[in-house]
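Inspection log for the structure reproduced underneath, given as structure tokens.
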Amino acid sequence: MSKIKPSKGAPYARILGVGGYRPTRVVPNEVILEKIDSSDEWIRSRSGIETRHWAGPEETVAAMSVEASGKALAAAGVDASRIGAVVVSTVSHFSQTPAIATEIADRLGTDKAAAFDISAGCAGFGYGLTLAKGMVVEGSAEYVLVIGVERLSDLTDLEDRATAFLFGDGAGAVVVGPSKEPAIGPTVWGSEGDKAETIKQTVPWDRFRVGDLSALPLDSEGNVKFPAITQEGQAVFRWAVFEMAKVAQQALDAAGISPDDLDVFIPHQANVRIIDSMVKTLKLPDHVTVARDIRTTGNTSAASIPLAMERLLATGDAKSGDTALVIGFGAGLVYAATVVTLP
Ligand SMILES: CC(C)(COP(=O)(O)OP(=O)(O)OC[C@H]1O[C@@H](n2cnc3c(N)ncnc32)[C@H](O)[C@@H]1OP(=O)(O)O)[C@@H](O)C(=O)NCCC(=O)NCCS
């Protein structure tokens, strides 16, 4: 017989507030065309992207996270001192250690909240949300802050025509806390490491310490290129279109929701054609509002779902209490889908 007392958490968890931060600099496709042979028309029609935001020197991963979190806390009506854990999903924080989450927790004024980073690419928001729900229900935190934040402009090779136009910067945050009824459904998640090569960093960091830089990729001026994200666009596209629609359907089934019951669909913002294809495969009825934030935000990886959620609520295209299907997918390859009640 165990002597350990059971933990006391909330019966259920929900998203109580969402906040977003988009860098002030808006970058139109024309700027991207300075370095690659392409056209505004091609970028718009093949990806859906018209503009994206790029962070300036002051808009650090921590600074953008603090801004987005402040808005999420205000929307939730929760004081930072009551946050028990800060989970930050990012692939663009450049210090291996410590986690950026501890600085963010401190700057927000939490009371020594547990804080850690996770690396789950474009599925990072769903991974963080799943952890947060577990903490609230298990009782190790009453409120949890989940942040998706990226400065992907730092990891973009502007001379690579396959990726130069795709990525953007920004932060999205949600406060997860107790609920009397289910408001975050079961997560359908997973990984397919056999496809790890399809989205990856061009050169691992340790290659830079060897001294012999001769085998490293060079830019058009002969300088060693900073590592960037590279992908096999078509392979990832096909995987997203065929496999992720199935995962989205499984998340609906797990939550006991039919497409008719849905109000909102917030997929990862990677390509508007992937979004449109998923809408078709899932046979989402016309009344379902679909997030197409990619047009003006680009692909912000872990930040894309909370940023899209925040914008839909801010514009009135979605409202508090709506039932939304969220699905993230990307580098790993990894994915996470769940049905949530919007804050
Ligand atoms: C990147 C992406 C927009 C490219 O679109 P695509 O339709 O697959 O484009 P392709 O790579 O098949 O290239 C089609 C043609 O356009 C050309 N092309 C590629 N990039 C181009 C560019 N920037 N401008 C103009 N033409 C371009 C190619 O050379 C090719 O020409 P060809 O037919 O003469 O050989 C798309 O593959 C994509 O969105 N992939 C998935 C991204 C994603 O989901 N990531 C997930 C997580 S981060």
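Taking the listed residues Glu58, Glu103, Glu67, Glu50, the one that is within 26 Å of Val236 (Cα to Cα) and open to solvent by 20 Å² or more (accessible area, probe 1.4 Å) is Glu50, with no other qualifying. Against the criterion of being open to solvent by less than 10 Å² (accessible area, probe 1.4 Å) and within 12 Å of the ligand (Cβ to nearest atom), Gly328 qualifies.
Let's see how each residue does on (1) modelled with pLDDT of 95 or more; (2) among the aromatic types (Phe, Trp, Tyr); (3) over 30 Å from Ile83 (Cα atoms):
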residue: Glu197; (1), (2), (3): yes, no, yes
residue: Asp212; (1), (2), (3): no, no, yes
residue: Leu216; (1), (2), (3): no, no, yes
residue: Ala255; (1), (2), (3): yes, no, no
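Residue count for region 164-210, restricted to those that are of a type in the set (Asp, Glu), within 21 Å of the chain's Cα centre (by Cα) and under 25 Å from Ala248 (Cα atoms): 2. Taking the conditions (1) within 16 Å of the ligand (Cβ to nearest atom); (2) over 17 Å from Ala324 (Cβ atoms); (3) free of Cβ contacts under 8 Å to residues at least 40 places away in the same chain in turn, Thr300 satisfies each one other than (3). Filtering Ile266, Ile229, Ile275 for residues that are within 16 Å of the ligand (Cβ to nearest atom) and in contact with a Pro (Cβ under 8 Å, 6 or more places away or on another chain) leaves a single hit, Ile275. Checking each residue in region 257-267 for being part of a loop (DSSP other than H, G, I, E, B), in contact (Cβ under 8 Å) with a residue 60 or more places away in the chain and open to solvent by 40 Å² or more (accessible area, probe 1.4 Å) picks out only Asp263.
Checked against (1) in a helix (DSSP H, G or I); (2) aliphatic (A, V, I, L, M); (3) surrounded by 17 or more Cβ atoms within 10 Å (Cβ to Cβ), Ala254 meets all criteria but (3).
If the condition is being touching a helix residue (DSSP H, G or I) at 6+ places or on another chain (Cβ under 6 Å) and not in a strand (DSSP E or B), then region 93-120 contributes His93, Ile100, Glu103, Ile104, Arg107, Leu108, Gly109, Thr110, Asp111, Ala113, Ala120.
Taken together, Thr24, Thr60, Thr90 contain a single residue that is in contact with a strand residue (DSSP E or B) (Cβ under 9 Å, 6 or more places away or on another chain), within 16 Å of the ligand (Cβ to nearest atom) and within 17 Å of Thr300 (Cβ to Cβ), which is Thr90.
Against the conditions (1) open to solvent by 50 Å² or more (accessible area, probe 1.4 Å); (2) of a type outside the set (Asp, Glu); (3) outside any helix (DSSP H, G or I), Val176 satisfies every one except (1). For Ile49, the conditions (1) outside any loop (DSSP other than H, G, I, E, B); (2) of a type in the set (Val, Ile, Thr); (3) touching a residue at least 24 places away in the same chain (Cβ under 8 Å) all hold with the exception of (1). Exactly one residue out of Ala235, Ala245, Ala270, Ala318 is among the aliphatic types (A, V, I, L, M), closer than 18 Å to Arg46 by Cα and either assigned to a loop (DSSP other than H, G, I, E, B) or open to solvent by less than 10 Å² (accessible area, probe 1.4 Å) (or both): that is Ala270. Within region 134-156, the only residue that satisfies the criterion of being open to solvent by less than 30 Å² (accessible area, probe 1.4 Å) and of a type in the set (D, E, K, R) is Glu150.
Only one entry of Ala183, Ala196 meets the criterion of being out of contact with any Asp or Glu (no Cβ under 6 Å at 6 or more places or on another chain), open to solvent by less than 50 Å² (accessible area, probe 1.4 Å) and either closer than 21 Å to Pro306 by Cα or among the aromatic types (Phe, Trp, Tyr) (or both), and that entry is Ala183.
Considering the conditions (1) closer than 22 Å to Gln250 by Cα; (2) away from the ligand (no atom under 14 Å from the Cβ); (3) open to solvent by 10 Å² or more (accessible area, probe 1.4 Å), Thr338 is excluded by exactly one of them, (3). Filtered by the rule that a residue be in a loop (DSSP other than H, G, I, E, B) and more than 14 Å from Gly148 (Cβ to Cβ), region 321-343 gives Gly321, Asp322, Gly332, Leu333, Leu342, Pro343. Going by the conditions given, is Ala164 open to solvent by less than 30 Å² (accessible area, probe 1.4 Å), part of a loop (DSSP other than H, G, I, E, B), more than 19 Å from Thr90 (Cα to Cα) and within 16 Å of the ligand (Cβ to nearest atom)? In short, yes.
The values are calculated or read from the model by the stated rules, or taken from the named source; none is laboratory data. These numbers were taken from a predicted model, which means no experiment stands behind them. Every residue, glycine among them, receives a Cβ derived from its backbone with ideal geometry; neighbour counts consider all protein chains shown. Surface accessibility is based on the protein's heavy atoms, side chains included, excluding ligands, DNA and RNA. Shrake-Rupley method; radii C 1.70, N 1.55, O 1.52, S 1.80 Å.
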